[in-house]
Each structure stands twice: as structure tokens, then as C-alpha cells.
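Okay, structure first, notes after.
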Amino acid sequence: MSTMTITIERTPRTLQFSGQSIQIEELSIRLPFSRKPADLGELGGSDQHKVYITETKELTTAEFDTFARSLLVSRDWLRGKGGGTGDGYLCVEVTAPGRPYLYINPEGGDYARYVARLG
């Protein structure tokens, strides 16, 4: 089995959002977001959006697996974050060793309302 590595550019930007300047990193590709998926099996879709990363949340593999099995559960670390701007979403990037990258836009709530995955 061979391994393939793909590099996705991340460009630091200052974005105007709700009258504030915020520092983000923009992914060089658009990703399809799913609305209110219960778990990773429900991800996909055709709506491609720009991804604006506002922060990265690093989890252990066990924490990631628990999170990925129940995306609609309330989580304090998502509360009040996210939002949409033009054709992009303000996202919390969720990572764990050996797991796909998830991009979560809670749209101001405290659960994974809009979710895209990479990997």
C-alpha cells in the first residue's frame, strides 16, 4: 500500500466580519459542507464553500472518535463561534493524529451545524 500526501495551501488573511477585523487562514480549496450531520457517515454534499479557519482544536484520537460519532452534541468549545460570510464559512478546524481534518461552522451555536472533512 502506498501513501499519498496532498498539500493544501493556507493563506493568512484579515477578514471583516460583523464590523470586526478577524485573523483567519483561508484554505486554497473549497469543501462541501453538510448541514446538521449526526456523524461522519452523513458528510458530503454539493455546496462548495470557502473555508476560513479561525482556530484549530487538537483532540486525542479517542476524543476525536467520540466527537465524530455524535456531531450534534453541545460542546462548550464551539459555543458562539463560526458564521457565514459571502461564499465562505468561519470554521474551527478539528484535528487528531491519523484522523481526517474536520471544518466545523457552529453558526453561533454550540454543536457542529455545518461540517466538511478533508482526508
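The values are calculated or read from the model by the stated rules, or taken from the named source; none is laboratory data. Predicted model, so just to flag it, every value in this text is computed and none were measured. Positions of Cβ are backbone-derived with ideal geometry, glycine not excepted, and every protein chain shown enters the neighbour counts.
Return yes or no: is ARG113 among the basic types (Lys, Arg), out of contact with any Ser or Thr (no Cβ under 9 Å at 6 or more places or on another chain), buried (at least 19 other Cβ atoms within 10 Å of the Cβ) and touching a residue at least 24 places away in the same chain (Cβ under 8 Å)? It would help to see each step written out before you state the result.
Details: among the basic types (Lys, Arg): yes; out of contact with any Ser or Thr (no Cβ under 9 Å at 6 or more places or on another chain): yes; buried (at least 19 other Cβ atoms within 10 Å of the Cβ): yes; touching a residue at least 24 places away in the same chain (Cβ under 8 Å): yes.
When the stated conditions are applied, ARG113 passes them.
Taking the options ASP76, ASP65, ASP39, ASP47, name whichever one is exposed (fewer than 13 other Cβ atoms within 10 Å of the Cβ) and either on the phi < 0 side of the Ramachandran plot or in contact with a Phe, Trp or Tyr (Cβ under 8 Å, 6 or more places away or on another chain) (or both).
ASP76
Please go through the stretch 69-119 and pick out each residue that is β-branched (Val, Ile, Thr) and closer than 15 Å to LEU40 by Cα.
VAL73, VAL94, THR95, ILE104, VAL115
For residues that are in a loop (DSSP other than H, G, I, E, B) and modelled with pLDDT of 95 or more, scanning just the stretch 81-96, find the one that is nearest to GLN48 (Cα to Cα).
Ranking the candidates gives GLY82 first.
Residue pairs, Cβ under 6 Å, 6 or more apart or interchain, first in the stretch 17-33 and farther than 15 Å from GLY119 by Cα, second of a type outside the set (A, V, I, L, M, F, W, C) and surrounded by 11 or more Cβ atoms within 10 Å (Cβ to Cβ). List them.
PHE17/THR85; ILE24/ARG13; ILE24/TYR52; ILE24/THR54; GLU25/ARG10; GLU26/ARG13; GLU26/TYR52
Would you be able to tell me the number of residues in the stretch 85-101 that are touching a residue at least 24 places away in the same chain (Cβ under 8 Å) and within 12 Å of the chain's Cα centre (by Cα)?
At the first step, the residues of the stretch 85-101 found to be touching a residue at least 24 places away in the same chain (Cβ under 8 Å) are 85-100.
Retained after the next criterion (residues that are within 12 Å of the chain's Cα centre (by Cα)): 88-95, 100.
Of the residues in the stretch 85-101, 9 are touching a residue at least 24 places away in the same chain (Cβ under 8 Å) and within 12 Å of the chain's Cα centre (by Cα).
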